[in-house]
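I have placed the structure first, in the form of structure tokens, so that the comments after it can refer back to it.
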Amino acid sequence: MNSTVKPKISGKYDFVVVSNRLPVDRVIEADGSASWARSPGGLVTALEPVMRQNDGAWIGWGGQPDLEFTPFESEGIHVVPVALSAADLKYYYEGFSNDTLWPLYHDVIAPPSFHREWWESYVEVNQRFADAAAAAASPGGVVWVQDYQLQLVPKLLREIRPDLTIGFFNHIPFPPYGIYSQLPWRTQIIEGLLGADVIGFQRVADASNFQRAVRRLKGYVTKGSQVEVPLVDMSPGVRVFGEIKRQGSFRTVVARAFPISIDASSFEELARTPAIQERAKQIREELGSPKTIMLGVDRLDYTKGIGHRLKAYGELLAEGKLSSEDVTLVQVANPSRERVQAYIELRDEIELTVGRINGDYGTIAHVPISYQHHGFPREEMVALYLAADVMLVTALRDGMNLVAKEYVACRFDDDGVLVLSEFAGASDELKRALLINPHDIDGMKEKIMEAIGMPKRDRAARMRSMRKRVLEHDVSRWSADFLKVLESRAHHGSQGHLL
Ligand code: F6P
């Protein structure tokens, strides 16, 4: 992505998005030259089109330590970089965000680590983001904070700028109370989030988990999607609600599900491009024209169930139900969080398994797995989606999984079968996928075989119904729904009286 560095933006913005990562990452090449490239992950995919429609500012980190940049414009987006030091990266990003919160919020698939220095860094960096948002937003403006790295920002920002309307969206799951309550700083995080006027979650279950944590830790009343936050502060565990209720007033915070989506029509548009369709055919030929191409596309993360997927596929090859002449699995594994120990171990584990499967079941002409440890430009991804007869999304836990939606959006030919984990948020909407429990290896094997052998009519009926959902509930509808609720808080106020 090209960008031109412009002088510091002096104006203030009516609409500000705050996320850990900017839509662009600073990339330093081996020869020392530097450029900006699109940053990884679903969050950027979802928010980029929203920002293009709204003339706002995007506050975030540029992906490299100690990067001091004045705000600039990047493809029509006003970008306000926040600098993180090497220590911030270690403690706030790799530590508290990705080695404490990430595993905790994903059902403790990997054990979370709890370190007080990491928490201190998280508080400090959240304050920095809150200060940057406070400086960028216009009087009475709207600030939309994103994701688990910045859960304290709503409260910190409200303390500096009570005039703002503040939204928060959690892109990852919110865990059940039994798991969440392990967090030593569980109350501070709930208080941080309750600084927002509207808190969005991916699934209804995530919103219910959050509300339960609010009731258990703060004793506040929740009614439907609303949380009543007393303006008189109450310490947790002090049972004086009756008294305060008679005297006090409260803010109402909305906490509910807003399932995120993608810019579906732009994916379909690309898929309809003749050059991309040609490329899809070429990919099949390059793979040796197998009868079936299966595809997995994931950040290389232990939540994605890549190991479970490979186990099921390896067993099908071992049992002779599949052969490398007939089937190829293309596995795109985007490098991610490469300095965090659990990710280092995962990469070793996955690459060992891929090597074993290819070594055991491959021939000179055909390898069972085409393994790609790098990202691809969007055009190539769309060609891969078009080439894939079966798409495998086998996450052990996933907030939404936008890859599932991208696959569906691209299949304007009403073909292709989606095998989808019931533990991915997308399964609430894409009910005509072949739903699986990825822990049940035999069940997954059966569904893979069913997907490969599914008659064309069934494939088309399922895909049509999923396409309707994804095209109607696209990312602009997601952001419009969220911002409508957020703006209604701004116009009608979120304060009420407890009687
Ligand atoms: O969607 C979850 C998320 O953590 C986003 O917040 C983030 O942008 C993306 O995944 C990629 O993760 P990271 O920024 O740690 O590379």
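For the chain, the longest principal axis of the alpha carbon atoms and the long axis of helix 204-218 meet at an angle near 30°. Tally Lys and Arg at +1 and Asp and Glu at -1 over the other residues with C-beta under 9 Å from the C-beta of W102: what net charge comes out? Combined, the nearby Lys, Arg, Asp and Glu give -1.
If I stretch the segment between E159 and T187 completely, what's the gain in nm (0.36 nm per residue apart, minus their alpha carbon distance), one decimal?
On the way: separation 28, 0.36 × 28 = 10.08 nm, distance 1.75 nm.
Net length gain for the segment: 8.3 nm.
Of all aspartates and glutamates in the structure, the ones whose alpha carbon falls short of 15 Å from that of K468, not counting any fewer than 8 places away in one chain, are D263, E268, E406, D413, D414, D415, D428, E429.
Note on region 396-468: Cα-only Rg and Dmax are 11.7, 32 Å. Sorted on the mean count of surrounding Cβ atoms within 10 Å across their residues, most packed first, peptides 455-462, 369-376 read 369-376, 455-462. With only the Cα atoms considered, region 313-414 has a convex hull volume of 135 Å³ per residue.
Computed across region 264-341, the Kirkwood radius stands at 14.9 Å (inverse of mean 1/r, all Cα pairs).
Between D348 and R477, the simple spin-label model (points 7 angstrom out along Cα→Cβ) gives 4.6 nm. Electrostatic bookkeeping for S19 treats Lys and Arg as +1 and Asp and Glu as -1; over the other residues with beta carbon under 12 Å from its beta carbon, the sum is -1. Count Lys and Arg as plus one, Asp and Glu as minus one, and take only other residues whose Cβ is under 11 Å from that of R256; the net charge is then -1. The region of the chain that goes longest without hitting one of the GluC sites (Glu not before Pro) in a DSSP loop, each with at most 16 other Cβ atoms within 10 Å, is 76-318.
Taken over the chain, the percentage of Cα pairs per 20 Å bin, counting from 0 up to the bin with the maximum distance, is 22, 54, 22, 2.
For the chain, the longest principal axis of the Cα atoms and the long axis of helix 456-472 meet at an angle of about 20 degrees. Normalised Debye scattering of region 351-499 at q = 0.10, 0.15 Å⁻¹ gives log10 I(q)/I(0) of -0.47, -0.89, counting only Cα atoms as equal scatterers and leaving out solvent.
Solvent-accessible area per residue for region 264-472 at a 1.4 Å probe radius, Å²? The partial results should precede the final answer.
Numbers: 8700 Å² over 209 residues.
I get 42 Å² per residue for this part.
Convex hull volume of the Cα atoms of region 264-472, normalised per residue: 108 Å³. With Cα atoms as the point set, region 12-53 shows a radius of gyration and Dmax of 12.8, 40 Å.
Need one number for region 414-454: average projected area of the convex hull over its C-alpha atoms, nm². Intermediate values should be presented prior to the final figure.
Working: hull surface 11.5 nm².
Result: 2.9 nm².
Compared with the dominant principal axis of the Cα atoms in the chain, helix 341-361 is inclined by about 10°.
For the pair E124/S323, report the inter-label distance in nm, with labels modelled 7 Å from Cα in the Cβ direction. Taking the simple label geometry, E124 and S323 are separated by 6.2 nm.
Note on the chain: antiparallel DSSP beta bridges, both residues inside, total approximately 30 percent of the bridges counted.
Applying 1/(1 + (r/R0)^6) with r as the Cβ-Cβ distance of A30 and Q53 and R0 = 45 angstrom yields a FRET efficiency of 0.75.
The values are calculated or read from the model by the stated rules, or taken from the named source; none is laboratory data. No experiment lies behind these values; they were computed from the predicted model shown. As a convention, Cβ positions derive from the backbone with ideal geometry for all residues, glycine included, and neighbour counts pool all protein chains shown. What goes into the accessible areas is simple: the full protein's heavy atoms, side chains included, and nothing from ligands, DNA or RNA. Shrake-Rupley method; radii C 1.70, N 1.55, O 1.52, S 1.80 Å.
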